[in-house]
Each structure stands twice: as structure tokens, then as C-alpha cells.
């Protein structure tokens, strides 16, 4: 059910993104290349005093992205770039969009690493990631929230969620299928580390998703608490439900957030922070989220629920919730830009 609710808007979203590819933005050529890392990043590494290990992880292998649009607002527009990633660990190939906040380009921050948010779409999340869309204004809002102090300035990475628009893969490595779990949890973060100034701590890594992407965000943080500290699951399902799990009950269990939460609690951590978001009109999803919080929101599993008044199962509702408290709560528990 969670997945079908997003399906009616996919065609519109795809057209929006394709329109941006054809020339939206503030005058930049849609085919112009952009690099987020460069030679000076390597030079800056030598500024670290001998014997002191910096938290900053410098770009290791910067590539050129294709610029699709420029966003940010308030005269501080910055590029969204896109590339096709051939995941060396998963073997999966898919599109990935990236964006850095205006603060990333400021001279005063040239030696700082920045926190990262991986943002996953709902429905099939293929062939585009709707968080790049000018209708939702995720990046513009993040830029505004960082200016007014209600959010850290996040690098945002936006991969496709599934390898096609015919099946759901639950953000997981389902036997005999493309290894989407490995792609989301390892290959996509590695792409960010190769191209941006990031930080050598899980305290600077979050993953957000809506609907089917919300399930993937919840599952990946509980499954990889060494890699991600925070999840923002928007209107998520709580258990895997892809038909592709048929015949693979053991592997399905290994990707079940309820099972993963019990195990994390039993071993005492590391602590994770789950910032759930739901619209008040999500009559099917909201009770399941409340039940998960009641059962597993203790010990190392820290939870918060943002209920958006009159909100529905929609990305627009979740952007509203981010600005109404979620980003402030998340940012207070994460590492900000650090030299």
C-alpha cells in the first residue's frame, strides 16, 4: 500500500525533472560539467598539524557531474549534479544526483568537512529521484533552514531507489536480484566521499526516505548503525513486503526493521536516532509507526514522531514536517561542519 500511494505522481515528477534537464535553473547550461572536489582539497590536507588526525575526509577521486539545475535561493544558487554510478561493491548501475549547500563553497569553510543526508524517494523511485524536483524545493528549504539556524548545512545525495519501475526491492540485497541494499549503504556513500569534503564519523551521516524509501531508510540505519546515525522515515512501512522475498524467508528476516531493532537493543547500541514523520491523515501508516515506537523506542533506539496537521502520504507533507521541527531535532544530534 505504501508504494502504490506515490504512483500517481511519478509521471508528473518525471516530467518535472526532465524539464529541468532541458534547461531550468538560473542561466547555467544544462549540459555543463561541475566538480565538487578538486586539487585544492588535496593541498588542504597538508594543513593538518603532524600527528593530529583530522575528522575531515577529503575527496579521493573527484569526477565531473552533469549539472541539471541550480537551487538554493536568496542569490546563493548552487548546482545539482547527476552521474551514472557503476557500483563496485553491489555491481548495480544507476543514476545519482548530488547537491552541496551554499556554505560548502564559502572560503571560511574551505577546510571543513560537511554532514551528509542520503534522500530516497517513494514508489519505485526510478528512473528519477523526485527530491531533485523544483516543486518540492527540498534543497531550497535546507538552504533556508541552515541560514536561520534550524538545520545543519547538509550535502544531499539522491540515488534512484529501485533498478526498474516494475518491482520493489525493499532497499535490500534480495538473493538473485540487484544488490540495492549494498548500493544504498556502501556505493552511494562512497561516491560522496570520493567527491566531497565529508567527516570520518557516523555522527555526520543521515538517511531520509518517503514511503518505500522510508522503509529503506529505517532498515538501513538499524542494519548499518556503524555507517548511519540518523534516519528520517517518512510514512514508512515497518516490515519488508516485496514479493521478491518469496522463497527467501531467512534473508527477509535479516532485513526486517523489527528484528534489527530488537537485536540493536539487545546488544546495547550503538545509539541510533529515528525521526519519523507522518501526516495526520495517514490512517493506515500512522498506527503502525506509533506501535513501532512504543515497542522499540527505548535503549539505544531513540525516536521522535512529527505529525503534520492535515498532512497526507505525500512528499510535500514531509518537507513541511522537516521545517516544523524534524531538522532541528536531527541536527542537534549530528556533527556539523568541522575542520
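Points to keep in mind about this one:
- Looking only at segment 223-251, residues that are surrounded by 14 or more Cβ atoms within 10 Å (Cβ to Cβ), without any contact (Cβ under 8 Å) to a residue 60 or more places away in the chain and not in a loop (DSSP other than H, G, I, E, B) come to 3 in all.
- Residue within segment 145-155 that is out of contact with any helix residue (DSSP H, G or I) (no Cβ under 9 Å at 6 or more places or on another chain) and over 30 Å from residue 252 (Cα atoms) present: yes
Residues checked against (1) closer than 30 Å to residue 79 by Cβ; (2) touching a helix residue (DSSP H, G or I) at 6+ places or on another chain (Cβ under 7 Å); (3) at pLDDT 95 or above:
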| site | (1), (2), (3) |
| --- | --- |
| 189 | yes, no, yes |
| 224 | yes, yes, yes |
| 238 | no, yes, yes |
| 246 | no, no, yes |
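- Screening residue 140 against (1) out of contact with any helix residue (DSSP H, G or I) (no Cβ under 6 Å at 6 or more places or on another chain); (2) buried (at least 24 other Cβ atoms within 10 Å of the Cβ); (3) in contact (Cβ under 8 Å) with a residue 60 or more places away in the chain leaves a single unmet condition, (2).
- Residue match in segment 166-180 (condition: closer than 27 Å to residue 77 by Cβ, touching a strand residue (DSSP E or B) at 6+ places or on another chain (Cβ under 8 Å) and modelled with pLDDT of 95 or more): no
- For residue 134: the one exception among (1) in a loop (DSSP other than H, G, I, E, B); (2) under 29 Å from residue 324 (Cα atoms); (3) modelled with pLDDT of 95 or more: (3)
- Some residue of segment 276-285 being in contact (Cβ under 8 Å) with a residue 12 or more places away in the chain and farther than 27 Å from residue 130 by Cβ: no
- Candidates 184, 218: the one that is over 30 Å from residue 77 (Cβ atoms) and part of a helix (DSSP H, G or I) is 218.
- Any hit, segment 111-118, residues being in a strand (DSSP E or B), modelled with pLDDT of 95 or more and over 16 Å from the mean Cα position of the chain (by Cα): yes
- Segment 152-165, subset in contact with a strand residue (DSSP E or B) (Cβ under 8 Å, 6 or more places away or on another chain) and outside any strand (DSSP E or B), residue farthest from residue 127 (Cα to Cα): 154
- Selection count, segment 118-151, where residues are at negative phi and out of contact with any strand residue (DSSP E or B) (no Cβ under 9 Å at 6 or more places or on another chain): 12
- Filtering segment 106-115 for residues that are surrounded by 20 or more Cβ atoms within 10 Å (Cβ to Cβ), free of Cβ contacts under 8 Å to residues at least 60 places away in the same chain, touching a strand residue (DSSP E or B) at 6+ places or on another chain (Cβ under 9 Å) and farther than 19 Å from residue 77 by Cβ leaves an empty set.
- Check on residue 66, in a loop (DSSP other than H, G, I, E, B) and in contact (Cβ under 8 Å) with a residue 24 or more places away in the chain: no
The values are calculated or read from the model by the stated rules, or taken from the named source; none is laboratory data. The shown structure was predicted, so the numbers you read here are calculated from the model rather than taken from an experiment. With ideal geometry, Cβ positions are generated from the backbone for all residues, glycine too; neighbour counts draw on all protein chains shown.
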